[in-house]
Amino acid sequence: MSTLEIRDLKVSVKLPEGELKPILAGVDLTVRSGETHAIMGPNGSGKSTLAYSIAGHPKYEITGGSVTLDGSDVLAMSVDERARAGLFLAMQYPVEVPGVSVANFLRTAKTAIDGEAPKLRTWGGELRGAMEKLQMDPAFAQRNVNEGFSGGEKKRHEIVQLELLKPKIAILDETDSGLDVDALRVVSEGVNRVRDTGDTGLLLITHYTRILRYIKPDFVHVFVAGRIVEQGGPELADKLEAEGYERYAAGAGSAR
Ligand code: ADP
Ligand code: MG
Ligand code: MG
């Protein structure tokens, strides 16, 4: 049982001129293994900023609050240490890793996180099995990470990572964006398999309610102008689908 605790988190983005632009205005959120949380909000509300801040992206400066995983200070950890501690982030825009094959990348990541190399005897089968479940051609293992991948292939590759790395807490930023209906179903089934293990806490970040028809969240948090403005159960997602985010804009003092 693991717990990610975000307390009064305030974050600014570092602008090129060195100025700080405040984005997160005090976020409180607790995610436990076995729970599925959805963060929903309009574009530009700071959802990706929250994900990047937890992952340790250097472009973001933490100006207040705390993030802990089972009591350990996540914000004091390097990016590698965060991954080893059991945090996983699937980016809204996955990066290319030229010259590194999918097979090597996954094996290296698995080794770093487990502290020892996976057993050769079983690893090949595990990798093939994970790719098969995501309906990825086995030839994909020899391609360079994300190089020339379609949007859907990038997302499938992320879920392969998620299934193989078995993180304590996984943050999936707009995993549904750019997926056609078939890919969305395959990707959602993968997320649900991870969810059903009960060992991973999931934080699904999304603009649209579409993915939540496939992955049922236990909790829904509405995110507007850098803070959570409403929380509820799955029924809140249905309400957002019907009403949109308009009614939050005035109260949050922002028309973004
Ligand atoms: P979301 O994921 O909810 O769409 P983001 O976290 O990507 O929101 O962005 C939140 C706000 O921060 C937006 O207003 C965006 O323009 C701003 N922002 C993010 N990165 C930068 C940057 N590098 N320079 C300037 N503004 C940025
Ligand atoms: Mg956005
Ligand atoms: Mg975003």
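The values are calculated or read from the model by the stated rules, or taken from the named source; none is laboratory data. Predicted model only: the values in this text are computed from it and were never measured. No Cβ is skipped: glycine too gets one built from the backbone with ideal geometry, and neighbour counts run over all protein chains shown. Just the protein is used for accessible areas: all its heavy atoms, side chains included, with ligands, DNA and RNA removed. Shrake-Rupley method; radii C 1.70, N 1.55, O 1.52, S 1.80 Å.
Among the residues of the range 189-217, those identified as assigned to a loop (DSSP other than H, G, I, E, B) and either surrounded by 15 or more Cβ atoms within 10 Å (Cβ to Cβ) or in contact with a helix residue (DSSP H, G or I) (Cβ under 6 Å, 6 or more places away or on another chain) (or both) are 199, 200, 207, 209, 214, 215, 217. Quick one: in the range 52-84, which of the residues that are touching a Leu at 6+ places or on another chain (Cβ under 6 Å) and in contact (Cβ under 8 Å) with a residue 60 or more places away in the chain is farthest from residue 164 (Cα to Cα)? Selected residue: 67. State whether the residues of the range 180-187 include one that is part of a loop (DSSP other than H, G, I, E, B), acidic (Asp, Glu) and either at pLDDT 90 or above or closer than 22 Å to residue 130 by Cβ (or both). Looking for residues that are part of a loop (DSSP other than H, G, I, E, B), acidic (Asp, Glu) and either at pLDDT 90 or above or closer than 22 Å to residue 130 by Cβ (or both), one finds at least one in the range 180-187, hence yes.
Every condition in (1) of a type outside the set (Ser, Thr, Tyr); (2) in contact with a Phe, Trp or Tyr (Cβ under 8 Å, 6 or more places away or on another chain); (3) away from ligand 2 (no atom under 16 Å from the Cβ); (4) open to solvent by 10 Å² or more (accessible area, probe 1.4 Å) is met by residue 64 except one, and the failing one is (2). Here's a check for you: in the range 218-236, which residue that is open to solvent by less than 20 Å² (accessible area, probe 1.4 Å) and under 21 Å from residue 4 (Cβ atoms) is farthest from ligand 3 (Cβ to nearest atom)? Within the range 218-236, the match that is farthest from ligand 3 (Cβ to nearest atom) is 233. Looking across the range 160-194, the residues that are in contact with a strand residue (DSSP E or B) (Cβ under 8 Å, 6 or more places away or on another chain), touching a residue at least 40 places away in the same chain (Cβ under 8 Å) and closer than 13 Å to residue 88 by Cβ come down to 161, 162, 165, 167, 168, 169, 170, 171, 172, 173, 175.
Yes/no matrix, rows are residues, columns are (1) in contact with a strand residue (DSSP E or B) (Cβ under 6 Å, 6 or more places away or on another chain); (2) away from ligand 2 (no atom under 16 Å from the Cβ):
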residue: 39; (1), (2): yes, no
residue: 46; (1), (2): yes, no
residue: 57; (1), (2): no, no
residue: 69; (1), (2): yes, yes
residue: 74; (1), (2): yes, yes
